[in-house]
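In what follows, a single structure is set out as structure tokens and then discussed.
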Amino acid sequence: MSIEILMPALSPTMTEGNLTKWLVTEGQLVKAGDVIAEIETDKATMEVEAVDEGFVEKLLFKEGDVNIPVNKPIAIISDQQGSKSKGTKQSEVSVEEKKTTQKKEVKQNENQLPKEDVVLNDEHITMREAIRDTIAEEMRKDKKVFILGEEVAEYQGAYKVTQGLLEEFGEKRVIDTPISEQGFTGLAVGAAFKGLIPIVEFMTFNFSMQAIDQIINSAAKTLYMSGGQINCPIVFRGPNGAAAQVAAQHSQDFSSWYAQVPGLKVLAPSTPLNAKGLLRSAIRDPNPVIFLENEILYGLKGEVSSDNDFTIPFGKANIAKEGSDTTIVTYSIMLQKSLEAAKILKNEFNLDLEVIDLQSLRPLDSETIINSVKKTNRIVTVEESWPVASIGSEVVNIVQKNAFDYLDAPIIKVNSANVPMPYSSSLEKLYLPQIDDIVKAVKEVNYI
Amino acid sequence: MKKITKSDHLKIYSYMLKIRRFEERSAQLYGMGHIGGFCHLYIGQEAVVVGVLMTIKKNDSVVTTYRDHGHMIARGLDPKKIMAELTGRADGYSAGKGGSMHMFSKENNFYGGHGIVGAQVPIGTGIAFTHKYNGDKNICRTYIGDGAMNNGQVFEAFNLASLWKLPVLYIIENNKYGMGTSVERAAAGSDLYKRGEAFGIKGEIVDGMNVYSVIKAAEKAGEYVRSGKGPYILEVQTYRYRGHSMSDPAKYRTKAELDEYKNSDPIEVVKDEIIKKKIASNKELDKIGKEIIEEVKSAADFALESNFPDNNELYTDVYL
């Protein structure tokens, strides 16, 4: 009898991994608990142990094979020595699967519309690398820039965003903090008042609630309270919103919380390209900026500008797809889902959607939204946050005030469910806006 | 220790008296409706900030709580502009947008004036972080009220300051009450400075009613911090004569207790020293006193004659 050993999921958001090392050879006897391989994900390198006993019949991937999907067989263990069964065949299937994976990646890239005036690199990089590279580029340019947070240095970043920064910039500028958000956030705010440019990494924005007094009462308001004397050049960044099955306390979207506060600027990148342009603007801005990343997007690959000074201005939305029938206003991870929905609506209902990626939530690009609605006469907002007083709510207000007479249908908001995030994968899917929800909303505003 | 010269004694006396007269005038203007909102007076605590002032270097930084009027005067800031801020005028230090609790002077390295109990402690620690990052040998003096010593972020800041050996001198102004709750009813254990010991931060208790004790302790502690050994805590025992803010019923303490402290008034301590050492006569001190009254009165006049902020100012200074 043969047992397949599958590529394990080592984190909630892992979809594929790389086989860095085999610690066993074909024919070898393994016992439960023996380490058989080292698997590398975009976040970490982990050892895989055997849970059953037997002889290694076949290793289905070579050391160095990359992008192996989770749950793909990577080895076959047999209870008899020397038995040869379906191993070879499985290996062939795996190669096919790999090709599909690569195709999927290219497909994702189509969703990132390059800007006309941007010179793009041929090499595609991940969102994670785009963020890291931008931090490094700005740290090279300005010695006042430093980064601090939990696990940013020796661990190389809880989500590997800060990989390699400690080695390049040293412990003076890449600083591991204890788990004390209020303390290190307040400290960074003080450092910014005194002229440094801190980048504060929250392991996730859920933990920023521990520090929200320092962000709002100290960072956002002091310029005003000091009559313009003391500014706070600081970036608060980290993953925001849902990851995968991390449940209520680790899955909250804070976009409208922070976008409500005068004195803060709020950015939400959706692609490696705009992550670079927006983060550079954030680091160079003399005001406090909230930079809302998304854990699921960290692995998204795409082109980036080859210009190390490429910035995207605050308050400028990107028309990710031009169209004439209905406007979708979205940001962050929901851009990808909105673009998928647009394809379905084009294919099945011949609707030509215009998809606006806000990029900047405060300031908000009202003009682009209004102009689009004047053209399409219908609008749907799509976002991951809870529905009450969300960014979409503000968009609704902008549209009713400035384009009331252009509307041919009531505006529909697509949001997460108005409940805490559940753990179960089935309920989680129900909680989050899905492509079908977007399709349904667009049909509704078109009376289909 | 640096010798306290004759002119130092007179400087100490003048600053302490100026703070007191300023605060008395503030109370009057509050009663007349010229100052609004919260207004926390420093009367009784003058020896703390003036004692520390005598040890401060020009490029050292200071950050404090909302009981900040005296701190600004001691930092050498203009009473006219302080009073203009208290009365919400355009000529105030924060252009009328900060008020009593939120005043700043970047050019004098005075970083507020913070309205949230405890919030200034991580901030001051971060300013000290910058001094270390820049290698400029300056230090940050971070004042803490006794009430904040029960606030979690203070201990997060202590941990970071000690861990990273930051040049921050924490000065606890223990005036015995956090609003209306006595230290005994709010803080478990005795001696607030000892709370730093868990983080390896040294500290001591200082008599805050005697400016000379404050100077001695602040000088020693300042040198310790400046030498790169990390943070230090002074717990300065003091007393506020007035309520927590202007609307304080003072039901939580007795008049006898208040009188006891008034009998060891910190300004009288300095006055006695000056007379004893024959640095100045009673008559000369009276003359200084009269000049200060005039200076404070002219600050009040200046404030009341100043314009309220232009309506356009509502929308400025939100972003740089």
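Bear in mind that the values in this text are calculations on the coordinates, not laboratory data. The structure displayed is predicted, hence computed values, not measured ones. Glycine gets a Cβ as well: all are built from the backbone with ideal geometry, and neighbour counts include every protein chain shown.
Side notes on the structure shown:
- Phi to ³J(HN,Hα) by Karplus 6.51 cos²θ - 1.76 cosθ + 1.60 over region A:182-187, Hz, x for Gly, Pro: 5, x, 6, 5, x, 4
- Annotation: amide H of B:SER61 within the under-5 Å range of B:ILE139, B:CYS140, B:ARG141, sequence separation 5 or more or interchain, hydrogens built in the peptide plane.
- Between A:ILE344 and B:PHE38, the FRET efficiency from the beta-carbon distance, with R0 = 51 Å, is close to 0.30.
- B:PHE308 sits among other residues whose Cβ lies under 13 Å from its own Cβ, and their net charge, with Lys and Arg +1 and Asp and Glu -1, is -3.
- Comparing A:ASP253, A:ASP357, A:ASP309 in a Gaussian network model of chain A where C-alpha atoms under 10 Å apart are linked, the largest mean-square fluctuation is found at A:ASP309.
- Counting every other Cβ atom within 10 Å of each residue's Cβ, A:SER78, A:SER208, A:SER338, A:SER424 order from fewest to most as A:SER424, A:SER78, A:SER208, A:SER338.
- HN-Hα J in Hz across region B:98-103 - Karplus 6.51, -1.76, 1.60, θ = phi - 60°, x for Gly and Pro: x, x, 3, 8, 10, 10
- When Rg and the Kirkwood Rh are both derived from Cα coordinates, the Rg/Rh ratio for region A:1-57 amounts to 0.98.
- Between 0 and 90°, nearest 10: helix A:127-141 axis offset from chain A longest Cα axis: 60 degrees
- Taking other residues whose beta carbon is less than 9 angstrom from the beta carbon of A:ALA342, and scoring Lys, Arg as +1 and Asp, Glu as -1, yields 0.
- A simple spin-label model places pseudo-atoms 7 Å from Cα toward Cβ; at A:VAL118 and B:SER298 they are separated by 6.1 nm.
- Entries of B:LYS97/B:LYS262; A:LYS143/A:LYS276; B:LYS81/B:LYS290; A:LYS62/A:LYS337; B:LYS229/B:LYS271; A:LYS343/A:LYS413 with Cα pairs more than 28 Å apart: B:LYS97/B:LYS262; A:LYS62/A:LYS337; B:LYS229/B:LYS271
- Amide hydrogen neighbours beyond the local backbone of A:GLU150, cut-off 5 Å, H modeled: A:THR177, A:MET203
- C-alpha long axis of helix A:87-110 to longest principal axis of chain A, angle in °: 10 degrees
- Computed from Cα positions, the angle between helix A:366-376 and the longest principal axis of chain A comes to roughly 80 degrees.
- Table column - 3J(HN,Hα) (Hz), region B:132-138, Karplus curve with 6.51, -1.76, 1.60, x for Gly and Pro: 5, 4, 7, x, 9, 6, 8
- The simple Förster model, with R0 at 45 Å and r as the Cβ-Cβ distance, assigns A:THR20 and A:GLU322 a FRET efficiency of 0.55.
- Neighbourhood charge, 12 Å Cβ-Cβ cut-off, centred on A:GLU383 and excluding it, Lys, Arg +1 and Asp, Glu -1: -3
- Cα-projected label distance for B:ARG253 with B:GLU305, points at 7 Å along beta-carbon direction, nm: 3.8 nm
- Size descriptor for region B:6-302, Kirkwood hydrodynamic radius: 19.2 Å (Cα pairs only, one decimal).
- B:LYS11-B:ALA27 pseudo-label distance in nm [points 7 Å out on the Cα-to-Cβ vector]: 2.9 nm
- Convex hull volume per residue, computed on the Cα atoms of region A:244-340, equals 137 Å³.
- FRET efficiency estimate (nearest 0.05) - Cβ-Cβ, B:GLU268 to A:ASN418, R0 56 angstrom: 0.30
- The H on the amide N of A:ILE5, modeled in the peptide plane, is under 5 Å from the matching H of A:ILE74, A:ALA75, A:ILE76, A:ILE77, each at least 5 residues off or on a different chain.
- Structure-based [θ]222 nm, chain A - -39500 (n - 2.57) summed over DSSP H runs of at least 4, per residue, nearest 500: -9500 deg cm²/dmol
- With neighbours defined as other Cβ atoms within 10 Å of a residue's Cβ, the residues B:VAL214, A:VAL395, A:VAL66, B:VAL49 order from fewest to most as A:VAL66, A:VAL395, B:VAL214, B:VAL49.
- Relative to its Kirkwood radius, the Cα radius of gyration of chain A gives an Rg/Rh of 1.01.
- For region A:350-439, the relative contact order works out to 29 percent when only alpha carbon pairs closer than 8 Å and six or more residues apart are counted.
- Calculated SAXS-style log₁₀ I(q)/I(0) at q = 0.09, 0.10, 0.11 Å⁻¹ - the protein assembly as shown, Debye, Cα scatterers: -0.91, -1.03, -1.16
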